[in-house]
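K.L.:
Questions regarding the structure given below will be posed in turn.
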Amino acid sequence: MKKHLALFCALVLALPMLAAVHQPGFGDRKYSVTGMLEYSYNTTWGHHGNMDIQALMPINPHFEMEAKVQLSTANVYTGVVQLRPKFQVPVGELFVETDVLYKAVARNRLGDMTAALGVGYRMDYVSVTLGLFCRVIDNWDRSVHTDETYVVEPFNLLYRLEVFCRPQNNPWNLSFMFSNVDDYQMERMWQPLFMVGAWYDVADHWRLNFGVQCKPTGMFHLDATFYGATFRTGFTYKF
Amino acid sequence: MKKIVYLVVALALVACSEDSTLDIKGMFSPQGETVNTRFEQSMAYNDSVGEIHLEMFSDEYTIYVCTDSHITRKTHKNLDYFMAQYLAAPLPKMALHLGDLIDAQKNYPCADSVLRQPGVAVNQAQSILRPFPLFITPGNHDIYFKQWPIYRDLFKTSAYWFDTNNGSKKLDLFICLDSAEGEIGTKQTAWLKNLLETKSKEGYRHIIVFTHTHLWKLDGSQGHTSNYALEASYELTSLLSKYGVEYVWSGHQHARQSVIFKGVQYLVLNATKDSEKGQSYMTAQMGEGISYQYFDFPKE
């Protein structure tokens, strides 16, 4: 375990150093704060609303960090930290996605912790990420005097394919995404999410965001049905 | 590399017999009745039959459990063996099949001939009249390709409960959930909650839920099997825990697993499929406690 941790840390620290020469492009993202409101429905939790707060911290051109919090009226609270080493290549940008997500499912008195490591590549119109994540689900009421332990789901594939209508540094855009992860959930690999996103820079510092997400179930049982949908909108302030 | 092969051939794995037609449309929209419709039809049948109380004439009895037989017209020797063992076992007893009885369409006549042996009851109405009850829950292979009407003709219902008794003494409660498409649906969830609220106060010795799709994805090597949405896993496990369910028996992932979460023991069984590695079935000895044992199928 220590070996894996050391390897992981070395990877995170080494990749920015590989990108010795900074090139303009995706690396020029600015510090920003995003606030979003969501209406969401799924067949398990019914109708509910979410409030999202996100902070993007591009610490240097080769390393950025994001912190995200979601508060849901379904009595579920999610926190995410993402570390993203990145470096420019002749065409596009390579990045390493390292995420830790904790979902406090207070309504069911359990916690769901996920840690992910992925490798991504993005160009003007396309962004692709592939990786793995591990999940640990723990019962908040677990007694130490029983045989019960936490549930570990050791292997899950992380995949994300996002296609943009305009280059990613354009003041407006429309994107289509197919993935099993989004900002606040990491679903099992056979539970994909379909998303459409849009943004429009309304002023120098302000961006308006929209998003719609659809979550079917049973796709890989070859009998897909609607499970849930989310509509979100909000503003980003870029410093 | 093995995982990548799993990914690439995933679609083939869900429809893997010579009879199958890969119905890609099913990945994007329901091609037959959804779980809510199947549930409504099952409740209509259950109401017409009435409650099922199995008289065991003893406090102790044996349950034979198998899953994922995936039989085709060509091969069903493990299911034949399972049925032979079940029929030869001493009374009192009953059997459960946890879904994916068949592999793909056109195999129901064969499944029917394997299961319909003298004395075997394959539906609710028969179960109180015949000595060898066999209860089944649908798997994804049993209902996709629009096969629910055939399943319903043979087994009548996909969501139901029954209990076992020794004279006037209540023994154990069994609840069958339809999770064939990785979702139990709003109506079945409401029914389950109401049923557990009522029945958990009636003094049953054990409460057991059996269904096809497993709740947890514990074994990374079983990458090709899909699950419930996470929200459904959280909610269902909490509901089962709240009302004192002791065991959940399921199949679907073709690999044996056991985990205790929130006081409920989740057992996933190996497949009964002939071509599978590590095939086995389970017997559960029901008494004041429950002891279970796995038996490998004979190798050729």
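Laboratory data are not the source of any read-out in this text; all were calculated from the coordinates shown. Small disclaimer: the values here were computed from a predicted structure and weren't measured. Virtual Cβ from ideal backbone geometry, glycine too; neighbours counted across all protein chains shown.
K.L.:
Could you list, in their original order, any pairs among B:Lys187/B:Lys217; B:Lys77/B:Lys262; B:Lys199/B:Lys262; B:Lys93/B:Lys199 whose Cα atoms are separated by more than 28 Å? Write down the numbers at each step before the final one.
P.N.:
Details: B:Lys187/B:Lys217 25 Å; B:Lys77/B:Lys262 38 Å; B:Lys199/B:Lys262 19 Å; B:Lys93/B:Lys199 23 Å.
Checking Cα-Cα distances, B:Lys77/B:Lys262 exceed 28 Å.
K.L.:
How well do other chains shield peptide A:135-143, expressed as the mean number of their Cβ atoms within 10 Å of each residue Cβ?
P.N.:
Values: counts 3, 0, 6, 1, 7, 1, 3, 4, 1.
Counting Cβ atoms of other protein chains within 10 Å of each residue's Cβ and averaging gives 3.
K.L.:
Which whole number gives the average count of other chain Cβ atoms within 10 Å of the Cβ atoms across peptide A:41-48?
P.N.:
If you average over the peptide's residues, the count of other-chain Cβ atoms is 4.
K.L.:
What shape does the stretch B:2-296 take by its C-alpha gyration tensor, where a ≥ b ≥ c are the square roots of the eigenvalues and a/c under 1.5 counts as rounded, a/b above b/c as prolate, and the rest as oblate? Don't skip to the answer; put the middle values down first.
P.N.:
Values: a/c = 1.40, a/b = 1.26, b/c = 1.11.
Rounded is the answer for the stretch B:2-296, as its axis ratio a/c remains below 1.5.
K.L.:
Sticking with this structure for a sec: Of the listed pairs B:Lys74/B:Lys277; A:Lys215/A:Lys238; B:Lys25/B:Lys273, which have alpha-carbon separations greater than 28 Å here? Walk me through the numbers before you get to the answer.
P.N.:
Details: B:Lys74/B:Lys277 18 Å; A:Lys215/A:Lys238 30 Å; B:Lys25/B:Lys273 26 Å.
In this structure, A:Lys215/A:Lys238 exceed 28 Å between Cα atoms.
K.L.:
Can I ask one more? Only sites in a loop by DSSP and with at most 13 other Cβ atoms within 10 Å count here; which chymotrypsin sites (Phe, Trp or Tyr not before Pro) in the stretch A:22-118 make the cut? Present the calculation step by step, with values, prior to reporting the outcome.
P.N.:
Numbers: sites: A:Phe26, A:Tyr31, A:Tyr39, A:Tyr41, A:Trp45, A:Phe63, A:Tyr77, A:Phe87, A:Phe95, A:Tyr102; in loops: A:Tyr31, A:Trp45.
Sparse-neighbourhood loop chymotrypsin sites (Phe, Trp or Tyr not before Pro): A:Tyr31.
K.L.:
Just in the stretch B:169-215: which GluC sites (Glu not before Pro) are loop by DSSP and have at most 15 other Cβ atoms within 10 Å? Walk me through the numbers on the way to the answer.
P.N.:
On the way: sites: B:Glu181, B:Glu183, B:Glu197, B:Glu202; in loops: B:Glu181, B:Glu183, B:Glu202.
Taking the stretch B:169-215 and a limit of 15 other Cβ atoms within 10 Å, the loop GluC sites (Glu not before Pro) found are B:Glu202.
K.L.:
Need one number: nm distance between label points at B:Ile128 and A:Phe178, each 7 Å from Cα along Cα→Cβ, rounded to one decimal.
P.N.:
Using points 7 Å along Cα→Cβ, the separation is 5.1 nm.
K.L.:
Return the FRET efficiency for the residue pair A:His47, B:Lys193: r is the Cβ-Cβ distance, R0 is 25 Å, and the value is rounded to the nearest 0.05.
P.N.:
On the way: r = 18 Å, r/R0 = 0.73.
According to the calculation, E is roughly 0.85.
K.L.:
Then there is this: Only bridges with both residues in the stretch B:2-296 count here: give the DSSP antiparallel percent, nearest 5. Before the final figure, lay out the partial values.
P.N.:
Working: 23 of 49 bridges.
About 45 percent, rounded to the nearest 5.
K.L.:
On to the next question. What's the extension gain from B:Lys201 to B:Lys25 if we count 0.36 nm per residue and subtract their Cα-Cα distance? Walk me through the intermediate numbers first.
P.N.:
On the way: separation 176, 0.36 × 176 = 63.36 nm, distance 4.46 nm.
Using 0.36 nm per residue and subtracting the Cα-Cα distance, I get 58.9 nm.
K.L.:
Which part of the stretch A:146-165 falls in the paramagnetic zone of A:Val196, meaning amide N under 18 Å from the point 7 Å along Cα-to-beta-carbon?
P.N.:
Answer for this model: A:161-165.
K.L.:
Additional query: For the stretch B:208-300, which trypsin sites (Lys or Arg not before Pro) are in a loop by DSSP, counting at most 11 other Cβ atoms within 10 Å?
P.N.:
Details: sites: B:Lys217, B:Lys242, B:Arg256, B:Lys262, B:Lys273, B:Lys277, B:Lys299; in loops: B:Lys217, B:Arg256, B:Lys262, B:Lys273, B:Lys277, B:Lys299.
Qualifying residues, ordered by number: B:Lys277, B:Lys299.
K.L.:
Further question on the same structure: What's the average, rounded to a whole number, of partner chain beta-carbon atoms within 10 Å of each residue's beta-carbon in A:210-221? Each step should come with its number before you reach the end.
P.N.:
Numbers: counts 0, 0, 0, 0, 0, 3, 7, 11, 16, 6, 13, 19.
Other-chain Cβ atoms within 10 Å of each residue's Cβ, averaged: 6.
K.L.:
About the Cα centre of the stretch A:2-238, how large is the charge dipole given +1 on each Lys and Arg Cβ and -1 on each Asp and Glu Cβ? Please answer in debye to the nearest 20. Please report the intermediate quantities before stating the final value.
P.N.:
On the way: 20 positive and 22 negative charges, 49 e Å.
My answer is approximately 240 debye.
K.L.:
From the Cα gyration tensor of the protein assembly as shown, with a ≥ b ≥ c the square roots of its eigenvalues, which class applies: rounded if a/c is under 1.5, or else prolate if a/b is larger than b/c, or else oblate? Mind dumping the intermediate values first?
P.N.:
Working: a/c = 2.16, a/b = 2.00, b/c = 1.08.
Judged from the Cα gyration tensor, the protein assembly as shown comes out prolate (a/c at least 1.5, a/b above b/c).
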